[in-house]
Structures are given as C-alpha cells and as structure tokens.
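The values are calculated or read from the model by the stated rules, or taken from the named source; none is laboratory data. These numbers were taken from a predicted model, which means no experiment stands behind them. When we count neighbours, we look across all protein chains shown, and the Cβ atoms used for this are built from the backbone with ideal geometry, even at glycine. For the accessible areas, the whole protein counts, side chains as well, though only heavy atoms, and no ligand, DNA or RNA atoms are used. Shrake-Rupley method; radii C 1.70, N 1.55, O 1.52, S 1.80 Å.
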Amino acid sequence: MTSLDAHRVVDAVWKMESARIVAGLVRMVGDVGLAEELAQDAVLAALEQWPDAGVPDNPGAWLMAVAKRCAVDHLRREERHDRGQEQLAHDLATRPDDGERDVDDVVNALDGEVGDDVLRLMFVSCHPVLSAEARVALTLRLIGGLRTDEIARAFLVSESAVAQRIVRAKRALADAHVPFEVPSGPERAARLSSVLEVIYLVFNEGYAATAGDELMRPSLCLEALRLGRVLAELTPDEAEVHGLVALMELQQSRSAARTGPSGEPVVLHEQNRGRWDPLLIRRGFAALLRARQAGGPLGSYVLQAAIAACHAGAATPEETDWPQIAALYEALVRVLPTPVAQLNRAVALAMAYGPRAGLTLVDTLTGEPALKGYHLLPAVCGDLLARMGLHDEARTEFERAASLTRNSAERAVLLRRAATCADEAGKAREAGETERARKTEKAGETGKAREAAEAGGKAAEAGPADAHVTLGGAAGLFLTRPDLSADTMRSYRQTLTRLCRHLGEKAPLRDVTSHRVAEVFAAAWGTAAGATWNRHRAALRSFATWAAERGWAHADLAASLDRRPEPRARTRPIDRSRLEILWKRPDIPLRERTLWLLLYESAAPAEWALSLNVEDLDLPGMRGEVKARGHWLRWQSGTAALLPLLVEGRCRGPLFLADRRPGPGRMPAAADLCPHTGRGRLSYERAEYLFKRATTDLDPEGGGCTLHRLRHSRLAHLGEDGWSAPMLMSLSGHGSVRTLHGFVRVPRPADTVA
C-alpha cells in the first residue's frame with residue numbers, strides 16, 4: 001500500500017468511526033479537546049503503520065484500541081481529581097497491563113442512564129454554555145467527522161468563521177467542566193431543539209454530500225437515524241423528535257432510487273418507486289403517527305415529515321397531491337421562515353399551479369444573502385424556465401448552478417441539463433426560421449403584386465401598404481414572434497383579437513385608420529380604468545410599429561389614442577374604534593401588541609421599527625434611534641407602558657425577537673441575534689403575517705390588514721386631527737412633504753375664517 005492509498009483509507013474510516021472514537025475517549029478523559037487530540041494521534045499511527053503492515057481486518061476497532069492506549073498513557077502521566085477518573089486511574093495502576101487488555105469493562109462501570117457514548121457526546125456538544133452556531137459546528141465536527149469546509153458549506157459561512165467557532169467551543173466546554181452525560185428533566189428539554197438541528201444536519205450531509213465524487217454518504221444517514229431513534233426512546237412525548245425520525249426514515253427510504261447505474265443523481269419524479277424501501281416507509285409513517293399522538297402545535301420537523309409522507313403515499317408521480325404539499329409548505333414557512341423553505345415551497349407551487357407560480361416566488365429570493373452561493377436556487381430557476389420553454393435563460397441558470405456546487409455528481413447532471421437546454425434553444429430557433437421562411441414564401445405573391453402595382457405607376461396612390469395583407473394575417477404573424485414572452489403574447493392577443501372582431505379579420509390592413517381604431521377602443525375600453533386602457537394602447541402601438549417596418553400599415557394607428565392618467569390607489573384607513581378594540585384584545589401577545597402600538601404611535605415604516613435594538617432605546621424620552629436612517633422613532637404612553645415589559649432582563653440585541661432560535665442553515669448575522677436568548681430578529685414577513693391574521697375581522701375582504709395600512713391609518717387620523725404636512729414629516733420620517741399632502745385636511749370655503 002502506498003502512502004496515498006493509506007491516506008484515502010484512513011480518511012474513509014475516520015468519517016465512519018470518528019464519532020464513536022472521540023465519544024469513547026471523552027468518557028475516559030473528560031475533555032473534548034483532549035479526546036480529539038488523542039484520536040488524531042491514533043490516525044497518525046495508522047498513517048505510519050498501515051502502508052507497511054496493511055489495513056487491519058477491523059480498521060475502526062484498531063483506531064479505537066490505539067486511541068484508548070494513548071488515553072491510558074495520558075492518565076498514567078496526569079493526576080486526576082475527578083472521582084470517576086480517579087477510579088479509572090487506580091484500576092489501571094493496580095492491574096497489570098499486558099498491552100492487549102481492553103479498558104471497556106472499567107469504563108463501562110462509569111456509565112449513567114444511557115449507554116451510548118455518541119449520544120452523550122451529542123448533548124455535551126449542544127450544551128447551553130455554547131452559542132447556537134458553536135453547538136452545531138462542534139457536533140458536526142465530532143459526530144459527523146466533517147471537515148471545516150464541509151461545515152462552512154452547511155452554514156453558508158466562511159471556513160475561518162467555522163474554525164474559530166470550533167476552537168472557542170472546545171475551550172468553553174473545558175472551562176465550564178461540562179460533565180459527560182445525557183441531561184435529564186428541564187435541562188434535557190432546553191437542549192433538545194439544538195440536538196435535533198444537529199442530527200438533521202448530519203443526516204442532510206449524508207443524504208446530499210456538499211462535496212466529493214459521491215452524491216450520498218450513507219454512513220452519516222445511518223448514524224443520524226440511529227441517534228434519532230435512540231433519542232425518540234428517551235423522549236417519547238416529544239412530537240418534534242418523532243417528526244424528525246419520521247422525516248429521516250421517509251427520506252432514507254428513497255436512497256436506493258436516488259442514483260442511476262453510474263452514480264448520477266435521479267430527481268424525485270423520475271425515480272423508480274419500486275426501489276423505495278417499504279420497511280422504512282412503514283417506519284416513517286409509524287413515527288409520524290407517534291408525533292401526532294404526542295400532540296402540541298405542529299413543528300417544522302412534523303410538517304416536513306408530512307410532506308415526505310405525501311410523496312411516499314403516491315404510487316406514481318402523477319398521483320402526488322401537489323396542492324396538499326404546497327399547503328403544507330405554506331404552513332412550514334410560518335414556523336420556519338427561511339429562504340430554503342421558501343425555495344422548496346416555490347417548487348411545490350410550480351408543480352401544483354404551473355411553473356410561473358413558482359418562478360414568481362423564486363424571483364423574490366434572488367437577493368437573499370444566505371442563498372448567494374446556494375446552487376439549488378439557480379437550479380430550481382433553470383428547471384422552471386425550461387418548463388416554460390425559455391431554454392436560453394434556463395441554460396444560463398443551470399451553468400451557474402454547476403459552478404456553485406462542489407459535488408461532482410450534481411455538477412455533471414447540471415451541465416447535462418444546460419447542454420439539453422442549449423439543444424432545445426437551437427431547435428426552437430431553427431423551427432422559427434423555418435416557419436418564417438414558409439410564411440415569407442407564402443407571402444411571395446403579395447410582393448409580386450406590389451411590384452406590379454409599382455410598375456403600373458400606382459405606388460404613389462397605394463403608398464407602402466399592401467392591399468393583400470389582412471388585419472388578421474398580420475396579427476397572426478405578429479403574435480408568432482419568438483421574442484415575445486408568454487405573458488406579453490397573451491396580453492397582445494387580447495388587444496388584437498378585439499380589434500379583429502370589430503374591424504374584421506379579412507379587412508385590408510392598409511384600410512385600418514387611426515380613426516377607426518379609436519372607435520374600437522372607445523367601444524371596448526372607453527369606461528375601463530386608466531391602467532387597462534394604457535395596456536391595450538401599448539399593445540396596439542407595438543403592433544403598428546412592427547407592421548410599419550414591413551410596409552404593411554401606417555405607424556400612427558394609435559395617434560388618436562391619448563395615454564390616460566393612472567391615479568395611485570388610496571389606502572383606506574382602519575377605523576379608530578376598531579383599532580382601540582384591537583389594542584385591548586386579551587389574546588394578543590406582548591410582542592405583537594408592543595410592535596403594533598409602536599408602529600401606530602410613531603407612524604414609522606415597519607422595517608424601521610423591526611431594526612431597533614434594545615440599546616437604541618431611550619425609554620425615559622419615549623424614543624428609539626434608527627441608526628441606519630439617522631431618525632428617532634417617537635412613541636406615546638401606550639408603547640411606553642409596554643416596552644419595559646418586553647425588554648425585561650435584556651440589555652442588548654434586537655428589540656423584537658423571533659418565536660424561536662434560528663436554524664443552522666439560516667444563521668443570521670451576530671447583530672441580529674439576541675445574546676440573552678439566542679433568538680434572531682423578527683422578520684418583516686412574520687410580523688406582516690401575524691398582523692394580517694389578527695385583523696381579518698377589520699378587513700371587509702377577509703384577508704387581514706397590512707402593516708403599511710396601519711401606518712397609513714395613523715397618518716390619516718393625525719391629518720383629521722389638524723396636523724400639517726411638515727408635522728407629519730417630522731414624526732414619520734417621510735423624505736418629502738409633498739408625499740404627505742394627501743393626508744392633510746384642506747379646509748373648505750365654509751370652514752375658512754375671515
């Protein structure tokens with residue numbers, strides 16, 4: 001065996017066995033950092049000995065044995081004051097060491113409630129003494145055996161940031177003397193959420209490897225499943241634990257069908273469902289049933305498991321209940337409002353209601369910083385564009401996705417899809433050219449007739465128009481242009497169809513005048529809104545310009561049609577009495593009540609209020625500084641009475657906090673995390689949803705009111721009370737007095753004082 005071969009074998013063994021090796025060493029030495037160092041000593045020994053001696057029959061056990069001998073040597077050199085370590089050191093010192101005896105019997109005597117070292121290590125690495133980011137990063141390193149760059153990929157952050165988190169985490173655990181045990185009671189519940197996040201991240205790394213030549217790393221999936229099942233036995237009443245187990249079981253059931261004969265990825269709707277594991281599907285459904293029996297609100301893992309169950313319950317792709325999946329994703333983004341969840345929802349919407357519905361949502365995610373290097377965003381965009389027939393744009397997106405992924409198998413599939421789109425785009429161009437040539441040949445007689453007319457001296461009378469070109473024929477050619485999008489073509493067709501219906505499809509195009517067109521517009525859209533009139537007018541102008549370029553019509557067909565003004569819709573304010581009822585409702589939580597009163601009393605944009613930090617508040621002065629805008633939000637007695645209750649016990653961090661701690665895949669910036677609770681800043685989308693849900697009875701249409709309407713209502717109410725535009729500008733932070741004139745009450749002549 002060469003040194004290179006040894007490195008490859010050791011790396012593979014380490015990824016499978018590192019969690020057990022490090023966990024077993026932590027149980028012996030009581031220090032995570034020291035345990036990892038001793039494990040690395042065993043790896044170095046393997047790299048030195050295996051090239052000459054060959055790989056042992058059980059390489060994992062070989063590494064464990066060498067690592068334990070290193071730990072024994074360390075314990076013999078160092079005095080330990082911990083009672084369990086003294087017992088171990090005394091036993092090792094009083095019994096002869098033949099160099100072969102395993103120390104498991106002695107170590108097992110120190111076991112507590114759960115005899116699973118990896119699970120103990122999981123709870124240690126998820127201890128509250130560590131930040132949320134450090135917990136996940138350390139556990140992925142110790143449990144999953146992931147490299148720093150792979151962890152950084154999962155976090156969507158830099159490698160140096162992850163490395164620093166891991167170093168600080170080990171130091172913090174050592175300084176806090178965290179015991180190597182599975183906690184019980186309230187402490188277990190407090191640390192459970194972080195443990196679930198870590199287990200699922202480990203599973204995801206195995207289910208879709210971020211780098212390398214293989215799509216999957218089955219050992220990580222199996223390890224995560226094993227830990228999830230053990231955790232479910234420990235916490236039988238926790239719905240989210242069973243939900244996570246159900247989700248992993250159902251996803252793992254598809255593993256055999258996810259790759260083709262050459263290891264290439266196979267997308268879900270193309271998988272051979274006969275290769276799905278029925279045993280894992282049954283176990284997944286059973287775990288989901290236990291989650292529902294546990295009760296409580298539906299959490300993110302239970303909802304994701306329900307989505308996976310919809311796929312597993314469909315015998316064929318066509319039987320998949322996509323509207324139900326889309327509804328589940330809508331519920332999921334309410335409890336887990338992350339860009340990745342929104343991206344998955346976009347896919348479901350596209351499958352349920354067409355690619356344009358999904359693409360509309362995808363377009364809103366392109367500016368998300370967390371998705372900047374996420375290859376699945378352009379991959380989804382490319383798939384939706386390809387389904388819409390926009391193959392050139394789809395090819396660009398697939399190529400971009402291929403440049404972002406670090407997994408060779410995924411990159412190959414994305415490049416193949418890009419090549420397919422390039423071929424389809426070429427075929428479409430060829431078909432378009434063929435069709436145009438056919439129509440040009442068909443119109444040859446028209447050209448000959450025009451030449452004859454010109455030769456007969458009639459060119460001056462006929463002008464550039466051609467009597468043989470009809471309105472319907474020209475409209476048909478215009479609508480077959482390849483440069484028109486589907487939406488534009490549909491809009492243009494509405495205008496031209498109405499024109500042909502009134503004037504006749506066989507009417508010569510040269511006889512169509514601007515006066516006759518104006519009559520059609522007056523009859524069809526004379527009473528329509530300005531936006532509708534202008535849309536049809538723009539379609540006619542585009543058609544007239546196109547026809548004039550070919551000498552078939554005059555370019556001034558729309559000359560008699562003036563553009564109509566499009567007045568900006570005025571938002572109707574919420575009645576004051578209804579708002580007073582809303583403030584007094586007992587079911588409104590403190591956070592929402594405070595935010596809504598603050599927005600109303602300050603008349604400020606919701607984004608400004610949500611950006612406030614606790615340290616930015618001047619509670620005695622009843623104001624808060626929006627540093628990014630250089631503006632002070634000022635509130636009144638209602639908000640002043642609630643704010644001290646909201647910030648009680650906090651001195652820094654976001655003022656309005658999210659409902660839960662952020663997931664590792666959507667970790668916000670440090671400035672958007674509360675150092676006291678670990679929760680992130682409340683998002684605008686979540687705040688808007690909560691207000692809409694609470695105000696459905698205030699909206700005649702039943703959809704609820706927006707935060708913008710709440711601000712508008714305050715400006716309208718102050719205007720009714722006699723505030724001037726400059727006064728409103730000073731309060732609300734508007735950039736121009738002119739934009740506030742609509743809220744100011746203009747006195748009528750009868751009200752004017754002489």
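Here are some notes:
- Long-range amide H partners of H631 with built H, under 5 Å: V626
- Magnitude of the charge dipole, region 590-643, Cβ model with Lys/Arg +1 and Asp/Glu -1, debye to 20: 80 debye
- Residue order for K584, K68 - accessible surface, 1.4 angstrom probe, largest first: K584, K68
- For region 515-627, convex hull volume per residue from C-alpha positions, Å³: 208 Å³
- Within the accessible area of region 375-437 (1.4 Å probe), percent carbon and sulfur: 54 percent
- Long-range amide H partners of N613 with built H, under 5 Å: L655
- Applying the Karplus relation 6.51 cos²θ - 1.76 cosθ + 1.60 with θ = phi - 60° to region 688-699 yields 3J(HN,Hα) values of 5, 4, 5, 5, 4, 5, 7, 10, 4, 6, 8, 9 Hz, where x marks Gly and Pro.
- Measuring with a 1.4 angstrom probe and ignoring ligands and nucleic acids, H74 comes out at about 30 Å² accessible.
- Accessible-area value, D423, 1.4 Å probe, nucleic acids and ligands omitted, Å²: 100 Å²
- Estimated vicinal HN-Hα couplings, Hz - region 224-230 in sequence order (Karplus 6.51, -1.76, 1.60; Gly, Pro = x): 5, 4, 4, 5, x, 5, 4
- Counting only protein heavy atoms and a probe of 1.4 Å, the accessible surface of region 199-337 is 54% carbon and sulfur.
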